[in-house]
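Every read-out reported here was derived from the displayed coordinates using simple, explicitly stated rules and does not represent laboratory data. Computed from a predicted model, the values in this text were never measured in an experiment. FYI the Cβ positions are ideal-geometry reconstructions off the backbone, even for glycines, and counts take in every protein chain you see.
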Amino acid sequence: MPIYGTALLSLCLLTGLTVGRMIGAALGVNADIGGVGIAMILLILGCDALQRRGLMKAPTESGIVFWGQMYVPIVVAMAASQNVLGALSGGLMAIMAGLFAVGLSFVLVGVLAKKGGKEESPS
């Protein structure tokens, strides 16, 4: 059923938001730091683990694909509600957090691209 894909996504989202709030609390910031990004990483890892074990059935995958297509508009709406000027005036911590997230993303893209390149068959 597609509901299983939605359940996996919501579990990843709740876990990611909780971890993001814990990171924020550890840094002394009353905010979620990277929760949605953590959730998406968990979803990617979870889907990969299920596919490798043969537990990802087509209906489950369709639920994940549906919410994957909805992800971009949701993130755009969330970003539109953020106060960028307020974050920049918040000081060095906001700028450092942003630079760290971007740098980590660049590193992970390279790692995932190399891993994906090994699994492809030459044509």
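Below are the figures for this structure:
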read-out: Mean Cβ neighbour count within 10 Å, used as a protection proxy, ranking 99-109, 36-46 highest first; value: 36-46, 99-109
read-out: Estimated Rh, the range 1-72: Kirkwood, alpha-carbon pairs, angstrom; value: 12.6 Å
read-out: Radius 12 Å from Cβ of LEU50, net charge of other residues (Lys, Arg +1; Asp, Glu -1); value: +1
